[in-house]
Structures are given as C-alpha cells and as structure tokens.
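The structure appears below as structure tokens.
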Amino acid sequence: PTQVRAICCIGAGYVGGPTCSVIALKCPHIKVTIVDVNPVRIAAWNSDVLPVFEPGLDEVVHECRGRNLFFSTDIDAAIQEADLIFVSVNTPTKTSGVGKGFAADLHYVEASTRRIASVATSSKIIVEKSTVPCRTAASMRTILESNSSYTADGTLISFQILSNPEFLAEGTAIRDLLAPDRVLIGSLDTSQGKAAAKALSEVYQNWVNPSKIYETGLWSSELSKLAANALLAQRISSINSLSAICEATGADVDEVAHACGLDARIGPKFLKASVGFGGSCFQKDILNLVYLSESLGLSEVADYWHQVIKMNEYSKERFARKVVSTLFNTITMKKIAVLGFAFKKDTGDTRESAAITLCKYFRQERALISIYDPKVTTNQIMLDLTEPGVVDDAEQVKKQVTIAKSMKEACVDAEAVIICTEWDEFRDASPQDWAEIYASMKKPAFAFDGRGVVDAKILRAVGFKVHTVGKGPLIVDPIWA
Ligand code: NAD
Ligand code: UDX
C-alpha cells in the first residue's frame with residue numbers, strides 16, 4: 001500500500017500505547033488499533049485509569065479513543081484490517097538458556113510475527129518497534145516469507161519489514177513523541193523496501209518535519225538503537241565514576257559536570273550524577289550489545305560496554321554502603337525512610353529502579369523501611385521487594401516494609417531519609433516542611449540525597465547531617481572537619 005489507512009500495534013505497553021496514541025492524535029484519517037494478549041491491560045486502556053502514567057497521555061487518549069484509536073484483544077481482526085503493523089512487544093533479557101543474563105528474549109517478537117503470517121489476508125508493512133538485536137528483521141522476514149499465502153484472487157501476500165526504533169524516554173514520552181529529535185526508519189535497499197519506508201515516513205510527516213526523518217539500512221537502524229542507549233548510559237556511568245572522586249576529594253560533581261558540559265563537544269545533558277541509572281532499557285540493551293559483541297568474537301568491545309553496567313552496580317552499592325557506614329555501621333531494626341521508588345520522576349514504572357537495589361540491600365541489613373512514592377502502587381513495591389521463590393518472603397517483606405502516603409509520614413521516627421527518585425515534590429519541599437520532618441525523626445537525623453535534588457544548605461540549617469551523591473565529605477561541622 002502506498003498510503004496507510006489502518007495501523008495495528010501489537011503490544012499495548014509503555015511504548016506501543018503512547019506511540020500509537022500520538023499517531024492517532026496526529027493522523028485523524030488513520031484508524032489505529034492497539035492490541036495485546038493481556039486483557040487486563042487492554043481493559044485499563046479502555047478505562048479512566050490508564051495502565052501507564054505519562055504526563056499528557058490521558059488527554060491524548062481521551063481525545064482519540066473511540067474516534068480513530070481503539071484498544072482491543074482481537075489481535076487477528078486488527079492484523080487483517082491493517083496496512084501497517086507495529087510490533088511493540090517486550091524483549092526482556094533472557095533468564096535461562098543460551099545467552100542467559102545477556103541476550104534479548106525474542107520469543108514475543110517471533111510469536112507476533114508468526115501470528116501475522118498466519119492470519120494476514122493481504123500484503124502488509126511490518127514495523128519493528130521493539131528494541132531488538134541486529135539482524136532480527138532478517139529472521140522476521142524469513143518467517144513471514146516461509147509462511148506467506150495467497151489472497152482470495154490468487155495474488156501472493158507480501159510483507160515488507162522496516163525497523164523504526166523508539167527513542168522516547170518515560171516521563172517525557174508525549175513530549176518526545178510530539179517533537180522527536182529524529183525518527184529513524186531502516187529498510188532494505190530494494191524498491192519495495194524504499195516504498196514501504198516512504199509510506200511510514202508519510203505517516204510521521206503529518207507532524208514531524210521531513211528533515212528529522214532519517215532513512216538508513218535495516219541493520220544500521222537496529223544497531224543505532226542499542227548504540228544510542230549505550231552512549232547515553234555511558235555518560236551517566238562516567239559522571240557517576242567521577243562522583244566517587246568528588247566525594248573523596250571534596251569536589252562538587254554538579255560543578256564538574258557543568259564545567260565539562262560547557263564544552264560544546266561534550267554538551268550539558270545527561271550528566272546528572274545519581275545513585276545509579278534504572279529503567280527497562282539501559283541495562284537490557286547494553287547487555288544485549290555485550291552479547292552481540294561476544295557472539296561476533298569481539299570480546300574487547302564486549303568488555304568495554306559491560307563496564308558501563310558494572311559501574312552502575314558499583315554506584316548503587318557504594319551509596320548503600322555509605323548509608324550503613326554513616327549510621328554507625330548498623331541499620332538493624334532502624335527505620336529508614338525511602339523517598340521515591342520509580343526509576344525516575346514522572347513515571348510509575350519501577351523496572352530496574354535503583355530504589356529496588358537499595359531497599360533489598362537495606363532488607364538484608366535487617367532495617368525497617370518506610371517508602372513513599374507519589375505514583376507507584378503498594379502492590380508493585382511489595383512485588384519488587386519480594387525475592388521470587390523464597391519461602392515466606394512475602395510475609396517477611398510485610399514485616400520489614402511499610403508504605404507511607406506522604407513524605408512526612410514516611411519519615412516519622414526514621415533515623416535516615418534517603419532520596420531515590422528526583423520527584424519535584426522533594427525538590428520543592430519548603431524549609432518549614434524539612435524542619436517538621438527533622439523534628440519527627442530520631443537524632444542524629446541523616447539525609448542521603450541520591451539524586452542531588454534537594455538544597456543541602458536548607459537541610460543542614462534545620463539540623464540534618466546531609467550526604468549528597470558526588471559532593472564532598474559528609475561531615476561539614478567545623479568541629480569534625
Ligand atoms: P511492555 O512490557 O510495557 O509492553 C509490551 C506488551 O506486549 C505487553 O503488554 C505484553 O502483554 C504484550 N505482548 C507480548 N507478547 C505479545 C503478543 N505475542 N501479542 C500481543 N501482545 C503481546 O514493554 P515496553 O516498555 O512497551 O517495551 C516494548 C519494546 O520497546 C521493548 O523492546 C523495549 O526495549 C522497547 N523500548 C522501550 C522503551 C521504554 O521506555 N519503555 C523505550 C524505547 C524502546
Ligand atoms: C531511555 C532513553 O533515554 C530513551 O531514549 C530510550 O528510548 C529508552 O531508554 P528512559 O529509561 O525512559 O529512556 O529514561 P532516561 O531519562 O534515559 O533515564 C534512565 C535512567 O538514567 C533513570 O534512572 C534516570 O534517573 C537516570 N539518569 C538520567 C541519571 O542518573 N542521570 C542523568 O543525567 C540522566
């Protein structure tokens with residue numbers, strides 16, 4: 001088809017839902033149907049409480065749902081109706097078998113591909129939206145071609161494969177989708193491949209300037225997604241490695257980052273030191289890149305990128321150790337308030353959140369943990385902190401972990417408050433709020449800012465002993481200096 005009239009998106013998750021909702025918003029002439037095997041998720045997309053929290057998403061869905069945007073579990077019908085199908089299913093790290101712990105699990109992608117091949121009654125453009133290892137499109141193509149059939153009038157059903165990786169970040173997904181830095185479309189260098197890329201490009205051109213649409217070969221497009229995430233995560237691990245030097249020397253990591261970022265070649269973004277990066281993508285995609293490098297016999301390349309992950313693990317561990325050593329080397333039965341559980345602000349997503357690693361560490365030290373997050377549900381927190389397969393662990397978690405309804409409630413009687421997510425409400429708390437929190441805590445009251453989000457001067461002024469990631473020694477009182 002030269003002009004796309006109906007789109008199906010397989011996978012109604014963090015990517016498929018927002019991405020295709022924005023396409024529906026900007027292309028009222030295209031019918032967009034987002035399908036999923038999970039009926040609970042589809043029901044939520046059709047309800048008032050969407051399964052994904054993203055600023056601006058509710059408004060987009062409310063405007064389009066029932067007009068040209070539909071959420072459904074009838075996958076076959078949506079495939080048959082569509083001229084273009086996004087495959088936006090999950091591609092988690094394999095937990096068993098060959099490549100365990102590194103390679104991407106592609107069975108959801110393959111299942112979707114086989115389903116398309118078996119139910120399609122007309123030719124389609126298939127778009128790889130999921131993040132996949134290099135050359136996955138080749139496997140998809142082989143599956144589709146070996147299972148192709150004929151239409152009722154005897155024409156061969158053909159499938160064109162495109163790679164169109166998604167670069168949105170959670171918490172800013174709608175903004176990123178409305179004004180992307182670039183849209184990347186990879187295709188085969190054949191006339192049909194180019195025609196398919198043009199059809200997809202025209203969908204985006206309903207709101208994206210053509211100068212931002214970059215067409216490449218399939219393999220470059222697939223690799224660029226892994227490469228972009230690796231380069232971004234590498235900046236964070238780099239600044240986090242420097243934060244350890246800052247803490248040991250009294251330098252200030254924000255000043256160092258600012259000074260370096262003034263160099264136009266380096267640039268200021270993505271240099272915020274933190275307790276460690278989280279999220280469903282960075283770790284998974286780098287492990288995938290490491291696996292790809294190893295399988296190509298490039299072990300030095302694999303080691304190089306693996307170090308980005310190792311530095312991230314070290315950052316989380318170093319921060320957790322700092323908490324325990326500062327609290328006189330024991331946190332057993334001490335109450336620790338954890339502010340923020342999502343992997344970053346403005347999302348309810350907790351996948352690979354640094355808060356999970358920290359809380360598990362504190363659990364092992366037998367602390368009592370009180371957690372507050374404005375968007376993450378109690379169930380999700382309890383699930384994330386329970387060790388799968390450990391007998392009675394869910395019961396043990398309930399004894400050790402409580403969920404608070406506000407930052408103030410979380411801190412009552414705590415010995416330390418630990419900021420894990422950079423939610424605006426932590427940054428915006430007033431000196432009066434911090435004074436009340438301080439008054440309600442055990443003394444000495446410690447604050448550990450894993451995000452460099454609160455003004456340490458304000459906290460010190462009300463009495464806290466403050467440690468901020470990447471900022472000088474903990475003890476600033478002249479008597480101790
Ligand atoms: P997700 O787990 O939120 O959503 C995936 C959905 O696909 C689930 O609802 C699942 O039920 C559904 N699904 C799985 N197999 C299916 C099948 N055979 N048929 C129909 N539905 C099926 O995952 P996500 O965060 O949306 O990520 C999807 C892909 O996008 C991944 O490859 C990820 O790496 C990539 N990606 C994610 C982000 C992000 O910020 N989350 C950003 C860019 C790219
Ligand atoms: C990332 C990529 O940014 C996005 O382009 C890709 O499509 C998916 O993966 P996401 O994981 O949603 O997006 O969020 P991102 O803003 O990249 O943050 C990832 C983690 O890094 C968060 O835990 C964040 O707090 C942390 N981070 C980010 C830092 O610690 N410092 C920074 O300077 C930036």
When the helices in the chain are scored as -39500 (n - 2.57) per DSSP H run of 4 or longer and the sum is shared across all residues, what 222 nm value do you end up with, to the nearest 500 deg cm²/dmol?
-13500 deg cm²/dmol
Amide H neighbours of Val127 under 5 Å, at least 5 residues apart or on other chains, H built in the peptide plane: list them.
Ile85, Phe86, Val87, Leu162
Starting with the fewest neighbours, write out Cys359, Cys246, Cys260 ranked by other beta-carbon atoms found within 10 Å of each beta-carbon.
Cys260, Cys246, Cys359
Positive dipole terminus of the chain, leading residue within Ser163, Pro18, Ile418 (C-beta point charges):
Ile418
Based on alpha-carbon centroids, what's the gap between the stretch 227-281 and the stretch 29-78 in Å, whole number please?
37
Which residues qualify? For Thr216, with a placed amide H closer than 5 Å and at least 5 residues away or on another chain, they are Ile185, Gly186, Ser187
Order by neighbour count: Asp424, Asp48, fewest other Cβ atoms within 10 Å first, most last.
Asp48, Asp424
Can you grab the distance from the C-alpha centre of the stretch 291-342 to the C-alpha centre of the stretch 362-381, Å, no decimals?
18
Could you list which residues have their amide H under 5 Å from that of Met441, counting only those 5 or more apart in sequence or on another chain, with H placed in the peptide plane?
Asp413
Bin width 10 Å, origin at 0, all Cα-Cα pairs of the stretch 1-98: what percent of pairs per bin?
17, 50, 25, 7, 1
Leaving out same-chain residues fewer than 8 places away, which lysines sit with a Cα under 27 Å from that of Lys310?
Lys94, Lys100, Lys225, Lys269, Lys272, Lys284, Lys322, Lys344, Lys345, Lys360, Lys471
Full extension between Ala394 and Asn209 adds, at 0.36 nm per residue less the Cα distance, a length in nm of 61.5 nm
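Using Cα pairs under 8 angstrom and six or more residues apart, how large is the relative contact order of the chain, in percent?
12
Please sort through the DSSP H helices of the chain and keep those with an alpha-carbon extent of at least 24 Å along the long axis and a Kyte-Doolittle average not below 0.0.
Details: long enough: 218-249 (47 Å, 0.52); 299-326 (39 Å, -0.78).
Correct list, ordered by number: 218-249.
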Would the chain count as rounded, prolate or oblate if I go by the C-alpha gyration tensor, calling it rounded below 1.5 in a/c and otherwise prolate when a/b exceeds b/c, oblate otherwise?
prolate
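A short reminder: the numbers here are calculations on the coordinates, not readings from a lab. These numbers were taken from a predicted model, which means no experiment stands behind them. Please note: Cβ atoms are built from the backbone with ideal geometry, for glycine as well, and neighbour counts cover all protein chains shown.
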